[in-house]
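First comes the structure, then the notes that go with it.
The values are calculated or read from the model by the stated rules, or taken from the named source; none is laboratory data. Predicted, not measured: the structure shown is a model, and the values here were computed from it. Here the Cβ is made from the backbone with ideal geometry for all residues, glycine too, and neighbour counts use every protein chain on show. For accessibility, only protein heavy atoms count, side chains too; no ligands or nucleic acids. Shrake-Rupley method; radii C 1.70, N 1.55, O 1.52, S 1.80 Å.
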Amino acid sequence: MAKLTLEDLDLKGKKVLMRVDFNVPLKEENGEVEVANDNRIVAALPSIKYVLNHGGRAIIFSHLGRVKSEDDKKKLSMKPVAQRLADLIQQPVTFVPAIEGKELEEAVDNLGDGQVLVFENTRFADVQNGEEVKRESKNDPALGKYWASLGDVFINDAFGTAHRSHASNAGIAANIAQTAAGYLMEKEIKFLGGAVENPKRPFVAIIGGAKVSDKIEIIQNLLKKADKVIVGGGMAYTFDAAMGKPIGDSLYEADKVDLAKQLIDEAGDKLVLPVDAVAADKFSNDADTYIAEDGIKDGYMGLDIGPKSIELFKSVLNDAKTVVWNGPMGVFEMPKFAKGTLAIGEELAKVTKENDATTIVGGGDSTAAVQQLGIADQLSHISTGGGASLEYLEGKELPGISAISDK
Ligand code: AMP
């Protein structure tokens, strides 16, 4: 079912609650706390500007960092974030240093059309009188109801927390007439949701990264949905071990070998595994290496896929129309073991251009990898939510998305 988006709302003169992801890194300079990187604020501007240009009164809020004590509250105020937002939109932003109470309510009442207010870190509600009460993070119904009472409509643009049921997403949505997706959320639903629910075929998934245990549910879900599932990275060695191949000192999860065996049996040629590896004598960029084709010898560990695997994976990707990629093919942080990840990234850029394929990077380390490799802008979509994109690809229901009204 299609979800309501901000453009479906009548915003003129409305008090518009906006849950954004302003969870940005901070730095201290000359005793002043400042925003160290404003990418996330910049990313939210299209939704914010849309609301302001349509005469909405924007009431903006976000979580910021982990709030576990009163001390954390002193370090994690939204004030510098509100300041940076004012600089970026070049108009005044009223900052309210509270998450509830009279000062906030009066500031909301005083907002005019096209004006902006930012209130304090939503996770301040997690700590009260020094005690962890988690009113935000455990979705205290009274808190969601209170925040909802401040506005007329609700726009959720924070995909990164969509896999959690918090007062500032699901809690508000349960108590307000209309909840719509902002532009960032809409894009995540369109690409990740579209790939999992209604992909153009052939649909190829590439799963990599360190551990089988982190990705097993994704592999299982995507084996049901995709035409091919490529598995690379450290987790591939547990699959190799399940097939009886020697893996030397490579990453290995003994308690996942039976499961790997079962997946290999069930999936048949749908599951595509590496056929060679770059084997290294230590976990270091100046390790001694060799290309291992028939298993890895003692004293060595596989840290990247080898040239034959690259060719095999490219041949599988060659005619793909939809690709979802989560997790690097090797230890891409070290140049010596980045070739496999780079080759996959380049192949994705190629099929995006030549096959008009939809290529999606599903958050976390693979996002860092494509940014490091400089190919992010050549792919269709780079998901911003680590945990949220994982759960989406696992086929789970995301409370923050379910809470958005249907069209
Ligand atoms: P993940 O967060 O599960 O996507 O894992 C990403 C991490 O897996 C990266 O830091 C990679 O360096 C690491 N990784 C990928 N391949 C290997 C490998 N063959 N051996 C050890 N670590 C790996």
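Does Thr359 fit the bill of being touching a helix residue (DSSP H, G or I) at 6+ places or on another chain (Cβ under 8 Å), of a type outside the set (D, E, K, R) and free of Cβ contacts under 8 Å to residues at least 40 places away in the same chain? Here the answer is yes, as Thr359 does meet what is asked.
Residues checked against (1) under 17 Å from the mean Cα position of the chain (by Cα); (2) open to solvent by 70 Å² or more (accessible area, probe 1.4 Å):
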residue	(1), (2)
Lys12	no, yes
Val16	no, no
Arg19	yes, no
Leu26	no, no
Val33	no, no
Ala36	no, no
Val42	yes, no
Leu45	no, no
Ile60	no, no
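Taking the range 167-215, which residues are outside any loop (DSSP other than H, G, I, E, B) and of a type in the set (Lys, Arg)? Full working, then the answer.
Initial filter on the range 167-215 (outside any loop (DSSP other than H, G, I, E, B)): 167-173, 179-181, 183-197, 203-207, 212-215.
Lys187, Lys190, Lys215 - these are the residues of the range 167-215 that are outside any loop (DSSP other than H, G, I, E, B) and of a type in the set (Lys, Arg).
A quick yes/no check of all residues on (1) under 20 Å from the mean Cα position of the chain (by Cα); (2) within 16 Å of the ligand (Cβ to nearest atom):
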{"site": "Arg135", "(1), (2)": "no, no"}
{"site": "Asn169", "(1), (2)": "yes, no"}
{"site": "Ala180", "(1), (2)": "yes, no"}
{"site": "Ala205", "(1), (2)": "yes, yes"}
{"site": "Asp214", "(1), (2)": "yes, yes"}
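Applying the criterion of being more than 25 Å from Pro246 (Cα to Cα), in contact (Cβ under 8 Å) with a residue 40 or more places away in the chain and away from the ligand (no atom under 16 Å from the Cβ) to the residues of the range 297-333, the residue that is most open to solvent (accessible area, probe 1.4 Å) is Asp319.
Being over 24 Å from Glu347 (Cβ atoms) and touching a residue at least 60 places away in the same chain (Cβ under 8 Å): is that true of Glu217 here? Considered against the rule, which asks whether it is over 24 Å from Glu347 (Cβ atoms) and touching a residue at least 60 places away in the same chain (Cβ under 8 Å), Glu217 comes out as yes. Check the range 360-373 and report whether any residue there is in the same structural domain as Ser250 (by TED's automatic domain parsing), more than 16 Å from the ligand (Cβ to nearest atom), touching a strand residue (DSSP E or B) at 6+ places or on another chain (Cβ under 9 Å) and over 24 Å from Tyr237 (Cα atoms). No, the conditions are met nowhere in the range 360-373.
Scanning the range 374-407 for residues that are touching a residue at least 60 places away in the same chain (Cβ under 8 Å), among the charged types (D, E, K, R) and not in a helix (DSSP H, G or I) gives Glu394, Lys396, Asp406, Lys407.
Listed here are the residues, each with its yes/no results for (1) within 15 Å of the ligand (Cβ to nearest atom); (2) in a strand (DSSP E or B).
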{"residue": "Asn221", "(1), (2)": "no, no"}
{"residue": "Val229", "(1), (2)": "no, yes"}
{"residue": "Gly234", "(1), (2)": "yes, no"}
{"residue": "Gly244", "(1), (2)": "no, no"}
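A residue that is assigned to a strand (DSSP E or B), surrounded by 14 or more Cβ atoms within 10 Å (Cβ to Cβ), touching a residue at least 24 places away in the same chain (Cβ under 8 Å) and touching a strand residue (DSSP E or B) at 6+ places or on another chain (Cβ under 8 Å) occurs somewhere in the range 101-117.
So which residues in the range 137-166 are under 20 Å from the mean Cα position of the chain (by Cα) and farther than 12 Å from Leu17 by Cα? Break it down into steps so the answer makes sense when it comes.
Our first condition is that a residue be under 20 Å from the mean Cα position of the chain (by Cα); within the range 137-166, this holds for 137, 155-166.
Residues satisfying the conditions are Ser137, Ala158, Phe159, Gly160, Thr161, Ala162, His163, Arg164, Ser165, His166.
The single condition among (1) within 16 Å of the ligand (Cβ to nearest atom); (2) farther than 25 Å from Asp227 by Cβ that Asp294 does not satisfy is (1). For the range 1-39, a residue qualifies if it is at positive phi and of a type in the set (Gly, Ala, Ser), and the qualifying residues are Gly13, Gly31.
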